[in-house]
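One structure coming up, written as structure tokens, with questions to follow.
The values are calculated or read from the model by the stated rules, or taken from the named source; none is laboratory data. Note that this is a predicted model, so its numbers are computed, not measured. Heads up, the Cβs are rebuilt from the backbone with ideal geometry, glycines too, and the neighbour counts pull from every protein chain shown. We work out accessible area using only protein heavy atoms, side chains counted, and drop any ligands, DNA or RNA first. Shrake-Rupley method; radii C 1.70, N 1.55, O 1.52, S 1.80 Å.
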Amino acid sequence: MTVERRWQFWIDRGGTFTDIVARKPDGSLLVHKLLSENKERYRDAAVAGIRELLGIDPGADIPPVVEAVRMGTTVATNALLERKGDRVLLVVTRGFADSLRIAYQNRPHIFARHIVLPEMLYERVLEVDERVMADGTLLTALDETNARAGMLAAYDAGIRAIAILLMHGYRHSAHEKRLAAIARQIGFTQVSVSHEVSPLMKLVSRGDTTVVDAYVSPILRRYVDLVASELGAATRLMFMQSNGGLADARSFQGKDSILSGPAGGIVGAVETAKRAGFGQIIGFDMGGTSTDVSHYNGEYERAFNTLVAGVRMRAPMMQIHTVAAGGGSILHFDGSRFRVGPDSAGADPGPACYRRGGPLTVTDANVMLGRIQPEFFPRVFGRDADQAIDVDIVRARFAELASRISKETGTHRTPEQVAEGFLKIAVENMANAIKEISIQRGYDVTRYTLVCFGGAGGQHACAVADALGMMSIFLHPFAGVLSAYGMGLADMRVLKEGAVEARLEEGALAGLRTKLADLERAAHVEIESQGIETARIDTVPRIHLRYEGTDAPLIVAFGDLATIVTGFEDAHRQRYGFVVPDKALIVEALSVELIGHTGETDSPPPLRGRDRVGGS
């Protein structure tokens with residue numbers, strides 16, 4: 001019996017452009033780009049792009065011809081960056097109301113005399129009487145009456161999202177579960193509980209992650225519901241998680257969405273590079289707003305403690321280093337020096353050449369130097385989104401800037417020299433970002449292949465490689481939309497973690513295996529509920545180890561004692577240059593990753609442009 005194939009759409013909704021790769025029923029691929037924001041023409045770029053590729057009118061119902069939509073989105077990221085999430089009530093053990101505010105007392109700028117504290121995401125705090133000790137001893141019973149009264153007061157004030165964080169709740173969760181049940185009875189629509197969101201030690205990082213989840217999940221849910229309502233019940237909707245795996249729309253959480261789009265880019269870069277025979281790569285994803293760089297040497301690198309938009313998070317995310325140097329980064333001259341970014345023109349108004357009155361940007365510098373040709377650029381600009389980029393305005397603006405530079409510095413530069421100078425600065429910024437994830441961590445970057453993608457990656461590939469001494473560059477035919485294409489190559493992934501905090505000894509291995517088995521069972525329930533058959537699931541157990549007396553764990557493969565110790569020492573020597581053989585090892589946590597294979601494994605057919613859709 002032959003199963004009839006339907007359309008699939010793989011989408012990356014970025015800050016400037018929304019990229020779409022569509023797989024037609026016959027297996028051929030189409031590519032399309034839209035500006036992510038164009039309020040005059042559509043509510044959502046992803047849905048608008050699907051309609052355009054299907055050839056149906058704006059606002060018309062999408063017919064049941066779409067099998068699946070795989071998507072990465074910046075909706076939650078933007079809500080975090082712009083502080084536009086939902087109002088949140090933080091419920092915490094009495095005496096710890098200010099714990100997240102005090103945090104670790106980090107000082108990012110150690111010599112700054114005026115300390116600017118980060119803005120807290122929660123609106124109000126409710127302290128509850130309860131206390132369970134680390135060993136499970138009940139010190140103070142939960143006062144449900146006062147807890148309910150405090151929650152009702154917040155609910156009456158219009159707050160609908162709640163983050164529940166109790167001391168030692170990651171290990172002894174009964175009180176957190178009871179508070180969550182009360183919150184749902186009252187009517188809170190978003191209930192984030194720390195032992196579910198981040199079941200690991202350390203109150204501050206666990207609490208921050210729980211608050212982020214409560215803050216952005218409602219925004220994300222509204223967006224997911226919007227897209228799902230447009231697509232209909234016949235279409236399966238999946239979203240890319242920050243850890244590089246897909247999740248069913250119903251299982252997609254705020255804490256797992258922060259690096260949704262960039263994670264798809266890493267998957268696309270790794271999978272296409274592997275098929276081309278490259279095993280060691282530096283991912284170089286230059287988009288409209290920023291540049292993301294990543295390192296791959298046989299397995300995806302993940303960070304479990306990250307700082308995103310000034311907020312600490314403890315959730316598995318792809319190890320990505322971002323710099324504010326994208327095609328839309330604004331060019332500045334302050335009277336004495338050139339500067340690129342960190343501010344961006346975004347999609348609206350966009351670069352000067354976008355015909356919306358925007359400032360000069362990196363993209364305009366490439367236009368000025370003839371490295372971007374209007375005939376090869378999408379005709380999506382102007383009032384009706386059907387015009388090419390404007391070269392004349394770029395030349396005029398650079399001529400004005402060159403004249404100003406000449407007057408203020410006494411140094412004559414042609415408009416082309418000015419554009420070239422700005423590009424050199426942008427290239428150095430990006431090269432320095434790559435050094436941070438490679439050379440500074442003990443990797444010889446000259447042995448790697450630079451995998452360039454993103455709308456602006458190809459324009460700067462050779463210059464960045466030259467700045468780093470890299471000898472090989474890989475540009476896939478899908479490079480301009482590789483983050484979207486990566487959605488089609490990605491697998492479903494579920495990652496479960498559990499805190500341990502015990503010495504690594506032979507006698508402890510049996511208990512660790514039992515803990516891993518429990519995590520694996522929980523992960524299986526979750527991934528199978530998303531429609532993945534057991535036969536298509538791979539299991540990857542890992543152990544988080546650190547030397548006794550240190551704070552930074554390294555994650556290595558689980559196995560027998562000798563395998564674990566060897567793996568840890570190899571990783572420690574690689575990262576820090578030394579090992580301490582006689583020092584005890586502490587198991588901080590265990591994790592299990594289940595990989596449900598769903599990616600497109602066939603060799604891709606030739607890419608077709610939007611202008612060749614005719615008849616589809």
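Tell me, what is the percent relative contact order of the chain, built from C-alpha pairs under 8 Å that lie six or more residues apart?
14 percent
Can you give the angle from 0 to 90° between the axis of helix 561-576 and the longest principal axis of the chain, with both taken from C-alpha atoms, to the nearest 10?
Result, in degrees: 40.
Which percent, nearest 5, of DSSP beta bridges in the range 85-163 are antiparallel?
Counting only bridges with both partners in the range 85-163, antiparallel ones make up about 20 percent.
Right, another one. Output ³J(HN,Hα) for the range 149-155: one whole-Hz value per residue in order, computed from phi by the Karplus curve 6.51 cos²θ - 1.76 cosθ + 1.60 with θ = phi - 60°, and x for Gly and Pro.
So the Karplus estimates, Gly and Pro as x, are 4, x, 5, 4, 5, 5, 5 Hz.
At 0.36 nm per residue, minus the direct Cα-Cα distance, what do N38 and A157 gain on full extension? Give it in nm, one decimal, please.
Residue separation times 0.36 nm, minus the Cα-Cα distance, leaves 39.4 nm.
For R160, what accessible area in Å² do you get when you roll a 1.4 Å probe over the heavy atoms of the protein chains, rounding to the nearest 10?
Ignoring ligands and nucleic acids, R160 comes out at about 80 Å².
Explain nothing, just compute: Karplus ³J(HN,Hα) = 6.51 cos²θ - 1.76 cosθ + 1.60, θ = phi - 60°, for every residue of the range 168-180 in order, whole Hz, x for Gly and Pro.
6, x, 5, 9, 10, 9, 4, 5, 4, 5, 5, 5, 5
A follow-up question, please. From Cα pairs below 8 angstrom and at least 6 apart in sequence, can you work out the relative contact order of the range 388-524, rounded to a whole percent?
Reported as a whole number, the value is 15 percent.
Please give, to one decimal in nm, the separation of the simple spin-label points placed at R371 and A562, each 7 Å out from Cα toward the Cβ.
Modelled inter-label distance: 5.3 nm.
Follow-up question, since we're still on this one. Any chance you could run the full-extension gain for D518 through S28? It's 0.36 nm times the residue separation minus the Cα-Cα distance, nm to one decimal.
Contour length minus Cα-Cα distance gives 172.1 nm.
Between V65 and I439, 0.36 nm times their residue separation minus their Cα-Cα distance comes to what?
Value of the extension gain: 129.8 nm.
As a test, work out the antiparallel percent of DSSP beta bridges whose residues both lie in the range 88-214, rounded to the nearest 5.
The answer is about 10 percent antiparallel.
Still on this structure, please answer the following. Counting every Cα pair in the range 407-485, what percent are over 21 Å apart?
40 percent
Return the subset of K407/K435; K274/K435; K202/K496 for which the Cα-Cα distance in this structure is over 27 Å, preserving the input order.
Beyond 27 Å between Cα atoms: K407/K435.
Less than 13 Å apart at the alpha-carbon level, and either on another chain or at least 8 residues along: which aspartates and glutamates does that give for K583?
E505, E548, E569
Amide H of Y296: which non-local residues (sequence gap of 5 or more, or other chain) have their own amide H closer than 5 Å, using H built in the peptide plane?
Amide H neighbours of Y296: I281, G283.
FRET efficiency for R171 and Y576, Cβ-Cβ distance as r, R0 = 45 Å, nearest 0.05?
Calculated value: 0.90.
While we're here: Within a Cβ distance under 14 Å of G287, other residues only, what is the Lys/Arg minus Asp/Glu net charge?
-2
Three principal axis extents, largest first, for the C-alpha atoms of the range 233-361, in Å?
Computed over the range 233-361, the largest-to-smallest principal extents equal 49, 40, 33 Å.
What FRET efficiency, computed as 1/(1 + (r/R0)^6) with R0 = 30 Å and r the Cβ-Cβ distance, is obtained for R447 and E505, rounded to the nearest 0.05?
Between R447 and E505 the formula returns 0.20.
How large is the accessible surface per residue of the range 296-372, computed with a 1.4 Å probe and reported in Å² as a whole number?
It amounts to 35 Å² per residue over the range 296-372.
A further question follows. Kirkwood Rh, the range 1-121, all Cα pairs: how many Å?
About 18.5 Å for the range 1-121.
Run the helix sum for the chain: -39,500 (n - 2.57) per DSSP H stretch of 4+ residues, divided by residue count, reported at 222 nm to the nearest 500 deg cm²/dmol.
-10500 deg cm²/dmol
Antiparallel as a % of all DSSP beta bridges within the chain, to the nearest 5?
65 percent
A follow-up question, please. When the dipole is taken about the Cα centre of the range 1-145, and only Lys, Arg (+1) and Asp, Glu (-1) are charged at their Cβ, what size is it in debye, to the nearest 20?
Charge dipole, the range 1-145, about its Cα centre: 580 debye, nearest 20.
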